[in-house]
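S.K.: Once you've had a glance at the structure underneath, I'll fire off some questions.
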Amino acid sequence: MKASDVRAIADRLRASGCVFAEDEAALIVETARDATEIAAMVDRRVSGEPLEYVVGWASFRGLRIAVEPGVFIPRRRTEFLVSEALRVVRDGAVVVDLGCGTGALGAAVAAERPVTVYAADIEPVAVRCARTNLAPYGGIVSAGDLFTALPDELRGRIDVLLSNVPYVPTDEIRLLPPEARLYEPHVTLDGGPDGLTTLRRVVAGAGEWLAPGGHLYVEMSDRQAPIAESVMQAARLTAEITTDDDLGANVVHGRLDPALDVE
Ligand SMILES: C[S@@+](CC[C@H](N)C(=O)[O-])C[C@H]1O[C@@H](n2cnc3c(N)ncnc32)[C@H](O)[C@@H]1O
């Protein structure tokens, strides 16, 4: 394709409101197999569909993560949750990505450490994407509601639980950018009245599913992080908040007492 054609695509994307029009045009041209596919991708993007759905992948910690329309698109800020978790992930650890979406978190950990990785989500499209993304690491992906989706033998054996479950308060979904609000299913975003409904359920199950000394990592907004910390403490987890100002990310890390008897 000629440089002038790529510029024409960028012009069309910019006119429709794409801020990074040149980069997006280059990505579309690089991803599409022929001119017909380029035209179809540009039309979809101009109509407002997220770029990741259009090209079929998202970048996460340098990995190319497969993304199908209808799955939650992994966010750059969530790379911080993975960095924090990697501090404690040992070789051979059992790592679970619960509410996995594309499975980006589990894949990013497994790309850096030899671990056994499991993932689960309630949405069939997420399970499909996660199976694709975790296949190179032998990841085991299942469908269902939180812990009920996991194999029973993981009870009391999870070393590191990554759980970026929905945390947008229901009333605030209308304030999200259209790409999220209109294209990502609300089950991937909606955290209930204060955004912490699913998080509370994860914490309630963590004591039973984590190994003694096991770790839980979640992402929360500035306002929610101290509440999530208290929720963890009330569930007998030690808890701390870490923040990355550049990424605008808060991670709440809970840990089960290493000496605790697991019933
Ligand atoms: C905010 S998205 C995050 C996805 C992924 N962890 C990430 O960070 O890219 C939350 C995910 O939790 C899933 N989810 C919501 N409720 C769930 C439930 N009750 N059980 C399992 N998964 C659930 C959604 O389908 C969605 O994929």
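S.K.: Have a look at the chain and give its Rg and Dmax from the Cα atoms, expressed in angstrom.
M.R.: Just the Cα atoms of the chain yield Rg and Dmax of 19.4, 67 Å.
S.K.: Describe numerically, in nm with one decimal, the distance between label points set 7 Å from Cα along Cα→Cβ at Asp194 and at Ser4.
M.R.: Result for the modelled spin labels: 6.2 nm.
S.K.: Can you list the HN-Hα couplings for region 126-132, worked out from phi with the Karplus curve (6.51, -1.76, 1.60; θ = phi - 60°), rounded to whole Hz and with x for Gly and Pro?
M.R.: 5, 4, 5, 5, 4, 4, 5
S.K.: Let me have the 222 nm mean residue ellipticity of the chain computed from DSSP H runs of 4+ only, each contributing -39500 (n - 2.57), with the sum over all residues rounded to the nearest 500.
M.R.: -11000 deg cm²/dmol
S.K.: Given R₀ = 35 Å, what would the calculated FRET efficiency be for Ala259 paired with Asp222, taking r from the Cβ atoms and rounding to 0.05?
M.R.: Details: r = 33 Å, r/R0 = 0.94.
It comes to 0.60.
S.K.: About the Cα centre, and with charges only on the beta carbon of Lys, Arg (+1) and Asp, Glu (-1), how big is the dipole of the chain? Nearest 20 debye, please.
M.R.: Values: 26 positive and 40 negative charges, 65 e Å.
With only Lys, Arg, Asp and Glu charged at Cβ, the dipole is about 320 debye.
S.K.: Which parts of region 215-230 would a label at Ala204 reach, counting a residue when its backbone N lies under 17 Å from a point 7 Å out along Cα-to-Cβ?
M.R.: Only 228-230 pass the distance filter.
S.K.: Can you tell me the length gained on complete extension of the stretch Thr170 to Arg12, counting 0.36 nm per residue apart and subtracting the Cα distance?
M.R.: Details: separation 158, 0.36 × 158 = 56.88 nm, distance 3.45 nm.
Result for the pair: 53.4 nm of gain on full extension.
S.K.: Starting from the Cα-Cα distance between Asp152 and Ala135, subtract it from 0.36 nm times their residue separation and give me the gain in nm to one decimal. Walk me through the numbers before you get to the answer.
M.R.: On the way: separation 17, 0.36 × 17 = 6.12 nm, distance 2.14 nm.
Computed gain between Asp152 and Ala135 is 4.0 nm.
S.K.: For region 3-66, how big is the tail of P(r) above 14 Å, as a whole percent of Cα pairs? Can you show the working numbers first?
M.R.: Numbers: 1061 of 2016 pairs.
Result for the distance tail: 53 percent.
S.K.: Which of the peptides 168-179, 136-147, 95-106 is most tightly packed, and how do the rest follow, going by the mean number of other Cβ atoms within 10 Å of each residue?
M.R.: Numbers: 168-179: 13.2, 136-147: 16.5, 95-106: 29.4.
By packing density, highest mean first, the sequence is 95-106, 136-147, 168-179.
S.K.: For region 249-254, in order, what is each residue's ³J(HN,Hα) by Karplus, 6.51 cos²θ - 1.76 cosθ + 1.60 with θ = phi - 60°, in whole Hz (x at glycine and Pro)?
M.R.: 10, 10, 10, 10, 10, x
S.K.: Pop a pseudo-label 7 angstrom from the Cα along the beta-carbon direction at both Ala143 and Asp245 and give the gap in nm to one decimal.
M.R.: About 4.5 nm, to one decimal.
S.K.: Which whole-Hz couplings ³J(HN,Hα) result when phi for each residue of region 57-62 is put into the Karplus expression 6.51 cos²θ - 1.76 cosθ + 1.60, θ = phi - 60°, listed in order with x for Gly and Pro?
M.R.: 7, 9, 8, 9, 6, x
S.K.: Taking the Cα-to-Cβ direction at Glu37 and at Ser230 and moving 7 Å from each Cα, how far apart do the two end points lie in nm?
M.R.: If labels sit at Glu37 and Ser230, their model points lie 5.2 nm apart.
The numbers here are math on the coordinates, done by the rules we state, and not lab data. Because the structure is predicted, anything quoted here is derived from the model rather than measured. Note that we place each Cβ from the backbone using ideal geometry, even for glycine, and neighbour counts take in every protein chain shown.
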